[in-house]
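Peer 1: Take this structure, written in structure tokens, and hold onto it; I'll ask about it next.
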């Protein structure tokens, strides 16, 4: 296995052995979605109208939940010093940690989302596209969140700061994802929205590790 | 330099080091050839840790150059990072990771080939083979230090940068460290270390940092 592979495996292992860590995002997602019928009333047409937005915003908040710990643990125990002085470029280290974060928090949300769709009476026609948007979208959330996680290293109350920094950046993927789902439900093609969402992912994949690594280097100075 | 002296691989030229808006060290110069070790000495707060972090590439010098194999480290940081192993104040111990796994992971980050075998050997040399299956949270501070040293030993790096490696070690631990260091140097390795404790190391040169401090230090009472 390569250095990158070893690192992904280690981070997934650490997240899973941390016990609660991995389950928290998923539990938060489910509870957050569940609260809405209590808040807006159980009327099926109302729920169907807001289902896509509720699921997406819940997923977005859930993926932010553990984001402030993405580098913090390694920063505090000195592991980040070792990564920064090791042969694997820091950008690749960041990319590996993002992959691990997505596998542990993003992927379970994607898998759980159709059930949440049924729960909120999301029109059946939209379920496939909902899955697809989350499959493209949750990696964007992990990637963009990582930039914030790199910037807040060493800051006090970093978690709150992270949300303020990153949440506005989640607006574009949210718009395109909801656009795709609504288009599909309305009988139109979701293709342009999905392409734009894919474009955001293509942009975030190379840029986010560079930006996050720059933030980490600053924190280690 | 006399013609029969070994060619230095690590050269520091007139390095100025700034920390927290204060000039900590000025004009630090030294040369290190294969088989040589340099022991940094100086009172608390002189800048031993900062200098080691600078040598590890974590801090940029205010002025001066660091050369590895004749070319500036700032121009080819990857080649330099592939050759060094860094031990900081923190031991990078994860509470849930078992000792053997942690050491094997870092060995694989240094060089993925036969990392496990090198890790097993290193644990044995540092006298913690019996702790291989122990989780990090159950280690004493001396055992954590030994694990961190095992990580260094398991890497094929030529240059060891050790910040107070003896902290927390008992007499057996220090003896093992001396033995391991001596063998590393005999094999053509190099080491820069800071320590307040007496350490027996044949042929090690001492670099007293006090003369490089530009102004009288205001030491904490």
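The values are calculated or read from the model by the stated rules, or taken from the named source; none is laboratory data. For clarity, every value in this text was computed on a predicted model and none was experimentally measured. Glycine gets a Cβ as well: all are built from the backbone with ideal geometry, and neighbour counts include every protein chain shown.
Peer 1: List the residue pairs whose Cβ atoms are under 8 Å apart, where the first residue sits in segment B:59-81 and is in contact (Cβ under 8 Å) with a residue 40 or more places away in the chain, the second is part of a helix (DSSP H, G or I), and the two are 6 or more positions apart or on different chains.
Peer 2: The qualifying pairs are B:59/B:50; B:59/B:53; B:61/B:54; B:66/B:54; B:66/B:55; B:68/B:79; B:68/B:80; B:69/B:79.
Peer 1: Give A:141, A:130, A:162, A:153 a once-over and let me know the one that is crowded, with 16+ Cβ neighbours inside 10 Å and not in a helix (DSSP H, G or I). It would help to see each step written out before you state the result.
Peer 2: On the way: A:141 fails: not in a helix (DSSP H, G or I); A:130 fails: not in a helix (DSSP H, G or I); A:162 fails: not in a helix (DSSP H, G or I).
None of the other options fit; the residue is A:153.
Peer 1: Quick one: in segment B:69-91, of everything that is within 12 Å of the chain's Cα centre (by Cα) and part of a strand (DSSP E or B), which residue is nearest to the other protein chains (Cβ to nearest Cβ)?
Peer 2: By that ranking, first place goes to B:86.
Peer 1: Shifting gears a bit: Check off (1) under 25 Å from residue A:187 (Cβ atoms); (2) touching a residue at least 12 places away in the same chain (Cβ under 8 Å); (3) in a helix (DSSP H, G or I) for residue A:122 and give me the number that stays unchecked.
Peer 2: Among (1) under 25 Å from residue A:187 (Cβ atoms); (2) touching a residue at least 12 places away in the same chain (Cβ under 8 Å); (3) in a helix (DSSP H, G or I), the lone unmet condition for residue A:122 is (3).
Peer 1: Restrict the check to segment B:173-186 and report whether at least one residue is at negative phi and modelled with pLDDT under 90.
Peer 2: No, that holds for no residue.
Peer 1: Just one of the numbered conditions (1) on the phi > 0 side of the Ramachandran plot; (2) part of a helix (DSSP H, G or I) is not true of residue B:203; which one?
Peer 2: All conditions pass for residue B:203, except number (2).
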